[in-house]
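Peer 1: Have a look at this one.
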Amino acid sequence: MCKDLAKPQSNCRFFPTTIVIMIVSELPSEVLSQIADHLPTEDRLSGSITCKSWRYPFQDALWRNIYIDSEKSLEYIYNTIKPSKNISTSYGLLVHSLRIGGYYEMPDEQQNEFFRYLPNLKHLDLGHMTCKHINTEMTIANQTWIYLESLIINFIGRPGGPTTENLISLLKTCCSLRKLEISAEKRFCPVSFSLKSFDSLHQALPQLIYFKTFISHAHDLQPILDTIPDTIQSLTMAILDISFYQWSAKWLYYFSYKYPNLRSLRLDTSKVIYGWTEYILTQGVTYPYPSHSKSLQRLETLELITPNISEWTHLVFWEFIYPLRIPLKNLKYKATCNRKDLWLHAQLYETNIKRILQSFSGTLENLSIEGTVFFDIKHGPALELSSYAPFLKDLHIKSCGVSINLDDLLDKCPVLKRLRYFGGQLLINSSTMIKETIQQQEKQPQHHGLQILELRRVVTSAEVFSRLSFRCRRLQYMNLSSLWVSGLTFEADGCLLVDMPYTFFKAVRLAHIKYCSPYERRDGDTTISLTLLSQLSDPMSSLPSITSTSDKLIHGEKEKVDRKSVAVVTRKNIAWFHTFLDVVFETDTRIGIRQLSEQEASTAVGFYQSFQSNRDNQPRRVDMPLDGDNLKEDWKDKLCRGYGELRCGQVEKYILPSDSKYDKYFWKYSCNNVFL
């Protein structure tokens, strides 16, 4: 029986005299259809048999998107959509999207009948079926293909197989296509494309707005450079995603003329044939560009993926993209490097980040830089931002071997909402500069709007989090993984305090956090692996003053801090956690984290209430076996090292690493809501 969606509220704020009761069975079918579209298949099936009024909206949603993964499921779908006197509903009319998976062939006769029963099909993913397995005569005679709006088709470019001309002939039957993806099942079998091939493609598909493929160029572009300005333009194309088997920077020159209304461009050279990269670094490239060129002026998104951080990247940015003064809003750059000269590569990443921010500071909103440099705390360069980025909202820096000054970043990026920083060191200004800044902010309080922080494989300090909490009062989501936090320990109770009293979290994700003294090496016998997550009992009345715990820790110079000299605040423990080495296999040692039980948490609290005496009396184990179960349970032996306390203003939810889909997707969707 259907239940009420909404019940009358006695204290309704906006309509105090009006009571609105909505029964689920009375919802319009359009609303039910939208609800069904966002539900998994099992829930759609349940919904279709729950209420009589639900039957058709949920049944339609079940048939709207079909996935066939075997010959058995193909036979079932085929027999179901096949017209019959005993079946009143034509289910084939409901199918809008079809995705074919698995390795099997569909006979020509069955293809003809099957697709004829799907007249409203708009989106088709042929999976592993190549154009060789498609009955071309069927596509010409069958009206279904004419009305397709998106198509994913596999192509294997090899001698003796279908040619690019065969592929384009097939595509001529899909004249309404707006999105096309030609996938290459194997890395060494790209589609051979020439400039003529692009012209033929757009003549066959005049409404195409999205094109993705993996190509090798059929001919050398140098002899026909002079003819490129006269190329026939494709005005509808907005999104181009090209992976290259053989790269030539002249393709950029061609695309800029061919697609004047391009809004998104993705170039991937990570699959370039071995040895080709070294060749393109030495080839001379000239662009006969007129100085008044307005090419690519609608381009907002640019993504570059390279096999190494080399000179061709410089070529793309500084000899081609930057002189055009393109108003880029979204830029993603991913480049690998070899293990030699890591310090030099870190310098290259640091230089590229600075140049990108400087070049597109007036328009850039989202920036992602991914490298493969392992951070060296002794030699890693500091990222010093020389340009003001007034519109940058999302910054992602991964494995670039650079350290980041948090204060500098917040000052240069005033509207930053999300910071994702993987592999490096997060710093703040000196204590003198911080004190001056705090005094200025007290006179004119201006807090930063950062809402999401993700740190992974990062070295930082407790002072950074205190500073972060003070400056970023809108911070709502924080994800900490493989984190090393240095700080000063209270001698009385062994607490290394990470104080974030101004922060009210909607969600905190904790994984692999360890603590150490700034005067001791990491991975030593004094490493702290226990974490206490706590929150203020009365956040609003307990917010510290300028000379409170956070600032005394920032300005502290002694390793042992006197608890009596620090303002006392009441807080409530949320949970205790233990970070440990988890030996999955003999050659696979991972870092894990688990929450202590209530009894274990009580033991930890009791130990730290008399920390000094308990520490002195606790026997210490020196050589512990590398056994996963033992390492999970050795938290008691780590009590004597102390614990780290992450104290927040408030925490609505905390998350630990898990295989649960809920935990995986909760963080993703919660963070995405910030950018809606």
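Bear in mind that the values in this text are calculations on the coordinates, not laboratory data. Everything quoted here is computed from the prediction, not taken from an experiment. Positions of Cβ are generated from backbone atoms using ideal geometry, with glycine treated the same way; all protein chains shown enter the neighbour counts.
Peer 1: Hull surface divided by four, with the convex hull built on the Cα atoms of the range 100-247: how many nm²?
Peer 2: Answer in nm², one decimal: 9.2.
Peer 1: Checking the a/c ratio against 1.5 first, then a/b against b/c, what shape does the Cα gyration tensor give for the range 445-536?
Peer 2: prolate
Peer 1: Which entries of Lys412/Lys506; Lys354/Lys412; Lys329/Lys417; Lys294/Lys332; Lys417/Lys506; Lys196/Lys271 have Cα-Cα distances beyond 20 Å here?
Peer 2: Table pairs above 20 Å Cα-Cα are Lys412/Lys506; Lys294/Lys332; Lys196/Lys271.
Peer 1: Something else: Multiplying the sequence separation of Asp637 and Asn261 by 0.36 nm and subtracting their Cα-Cα distance, what value in nm do you get?
Peer 2: Gain in length upon complete extension: 128.9 nm.
Peer 1: Place the peptides 321-328, 499-506, 637-644 in order of packing, highest mean first, counting for every residue the other Cβ atoms within 10 Å and averaging per peptide.
Peer 2: Going from most to least packed, we get 499-506, 637-644, 321-328.
Peer 1: Moving on to the next point. Starting with the fewest neighbours, write out His345, His123 ranked by other beta-carbon atoms found within 10 Å of each beta-carbon.
Peer 2: So the residues, fewest neighbours to most, are His123, His345.
Peer 1: Further question on the same structure: Pick out, in residue order, every one of the GluC sites (Glu not before Pro) in the range 440-516 that is DSSP loop and has at most 16 other C-beta atoms within 10 Å; say none if there are none.
Peer 2: Within the range 440-516, the qualifying GluC sites (Glu not before Pro) (loop, at most 16 other Cβ atoms within 10 Å) are Glu491.
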